[in-house]
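**Student:** Sharing a structure with you now.
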Amino acid sequence: MRGIFVFIETKWEKDVCGSTIYVQAHHSGSRIKVYANRGDNITLPCRLDGQSSLFGNRIKWAKLEDDSSETNVLISMGLHKKTYGDFQDRVYLLEVDDNDATLVITDLDLNDYGTYRCEIINGMNDKIVEVDLELQGVVFPYSPRLGRYNLNFQDAETACLEQDAVVASFEQLYGEWRNGMDWCNAGWLNDGTVQYPITKPREPCGGVRTSAGLRNYGRQNKSNSRYDVFCFTASLKGRFYYLILPKKLNFDEAVNACKRDGAEIAKVGHIYAAWKLQGYDRCDAGWLADGSVRYPISRPRKNCSPTEAAVRFVGFPDKKQKLYGVYCYKPQL
């Protein structure tokens, strides 16, 4: 079973005990933060204080949504337990002793990111604990072949999913801004707001006299308003690579070349994850699944990306042009 990385003040650690993974997390009052990677098996801590036993009492785990609603994850009444929705067959209670209501989530997915609430109803000893589950990943801006500002919210969700990603949260975009992200096109976030991160204030991006930060257009009409989108993807569950071939390819040839190599043509989320999380560096422009051409540079240098580490965007060229290589992705079996 895989270990996970967790954040304890300022140090990363990996902690595995036997066949079960225990998470040491950062505590702030009754709120806990757990950091993990996609595909990990993780624990969300929750315990009843004192000498009382949990046996026979009600335990409810729920995921809190951005619209203030909640999604049931697991409910336990003594020996009777029920799991819900996408969490079925992926969650269970750890129950290391009679006071333990810790939740285990297996095979962590992008959509598992968020805040979870543990409620223990135990008469005089009721308890509520909230746990923030944060995935290690990367935020990237995305616009389709149609060009800038063509996505309503539903289109934005679909666009991210097609690139092995989900619509980013405010917290994820804020974290990326703190790490230096600067992007002048406004994009959807998963709470229905439209924002963009600026580290270098300038006239076209809110004005020279404004301070650096996230520019916020507020909540927009999800059906009629059209913007770009900020997507979030996490660590790869497979191998991303540039396919070495003797000649350049058009788009259809690129798709087939990856298939012949036992892989699929890579998605935009794959190239960003490989670049940001694995330090992948290649100065060859290659086709991706959405018909775009890009290349990842983690070591800036002349003729590649002279001033900054970045995924360089060539554009959406004519798919019949035989001018580019291809990036492939081989999922882990």
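The values are calculated or read from the model by the stated rules, or taken from the named source; none is laboratory data. On a predicted model such as this, the values are computed, not experimentally measured, just so you know. Ideal geometry is used to build each Cβ from the backbone, glycine not excepted, and the neighbour counts take in all protein chains shown. Areas reflect the complete protein model, heavy atoms only, side chains present, ligands, DNA and RNA absent. Shrake-Rupley method; radii C 1.70, N 1.55, O 1.52, S 1.80 Å.
**Student:** Per residue of the stretch 291-300, in order, report the coupling 6.51 cos²θ - 1.76 cosθ + 1.60 (Karplus, θ = phi - 60°) as ³J(HN,Hα) in whole Hz, putting x for Gly and Pro.
**Tutor:** Each residue of the stretch 291-300 in turn: x, 8, 10, 8, 7, x, 10, 9, 10, x Hz.
**Student:** Can you list the HN-Hα couplings for the stretch 316-333, worked out from phi with the Karplus curve (6.51, -1.76, 1.60; θ = phi - 60°), rounded to whole Hz and with x for Gly and Pro?
**Tutor:** 3J(HN,Hα) across the stretch 316-333, in whole Hz: 10, x, 4, 5, 8, 6, 9, 10, 9, x, 8, 9, 10, 9, 10, x, 6, 8.
**Student:** Kirkwood hydrodynamic radius of the chain from all distinct Cα pairs, in Å? Kindly include the intermediate steps, with their values, before the conclusion.
**Tutor:** Values: mean 1/r = 0.0457 Å⁻¹.
In the chain this quantity evaluates to 21.9 Å.
**Student:** Given a 1.4 angstrom probe, I'd like the percentage of the accessible area of the stretch 188-317 that is carbon and sulfur, rounded to a whole number. Don't skip to the end; give the middle numbers.
**Tutor:** Numbers: 2880 of 6200 Å².
Percent of accessible area from carbon and sulfur atoms in the stretch 188-317: 46.
**Student:** Something else: Quick check on the stretch 274-333: what does the Kirkwood estimate of hydrodynamic radius come out to from the alpha carbon pairs, in Å?
**Tutor:** Values: mean 1/r = 0.0814 Å⁻¹.
Evaluated over the stretch 274-333, this radius sits at 12.3 Å.
**Student:** Who wins for biggest fluctuation among Cys283, Cys231, Cys118 in a Gaussian network model of the chain, springs between alpha carbons below 10 Å?
**Tutor:** Ranking Cys283, Cys231, Cys118 by mean-square fluctuation puts Cys283 first.
**Student:** Taking the highest mean first, how do the peptides 134-140, 260-266 order by number of other beta carbon atoms within 10 angstrom per residue?
**Tutor:** Details: 134-140: 22.7, 260-266: 17.4.
Per-residue mean Cβ counts within 10 Å order the peptides as 134-140, 260-266.
**Student:** Calculated from DSSP H runs of 4 or more alone, at -39500 (n - 2.57) each and per residue, what is the 222 nm mean residue ellipticity of the chain, nearest 500?
**Tutor:** Taking each H run of at least 4 residues, the total per residue is -3500 deg cm²/dmol.
**Student:** While we're on this one: Over the stretch 180-333, average the accessible area per residue using a 1.4 Å probe and give it in Å², no decimals.
**Tutor:** On a per-residue basis, the stretch 180-333 sits at 50 Å².
**Student:** Net charge within 15 Å of Gln220 by Cβ-Cβ distance, Lys/Arg positive one each and Asp/Glu negative one each, not counting Gln220 itself?
**Tutor:** Values: positive: Arg215, Arg219, Lys222, Arg226; negative: Asp66, Asp67, Asp155, Glu157, Asp191, Asp228.
Taking every other residue near Gln220 into account, the sum is -2.
**Student:** Also: Measure off, as a whole percent, the carbon and sulfur share of the 1.4 Å-probe accessible area of the stretch 91-138, all protein chains present.
**Tutor:** 44
**Student:** Tell me the Kirkwood hydrodynamic radius of the stretch 102-244 in angstroms, computed as one over the mean inverse distance between distinct C-alpha pairs.
**Tutor:** About 17.0 Å, per the Kirkwood formula over Cα pairs.
**Student:** Give a residue-ordered list of calculated ³J(HN,Hα) values for the stretch 139-153 (Karplus: 6.51 cos²θ - 1.76 cosθ + 1.60, θ = phi - 60°; whole Hz; x for Gly, Pro).
**Tutor:** Values, residue by residue: 9, 9, x, 9, 9, x, 4, 5, x, 5, 6, 10, 10, 7, 5 Hz.
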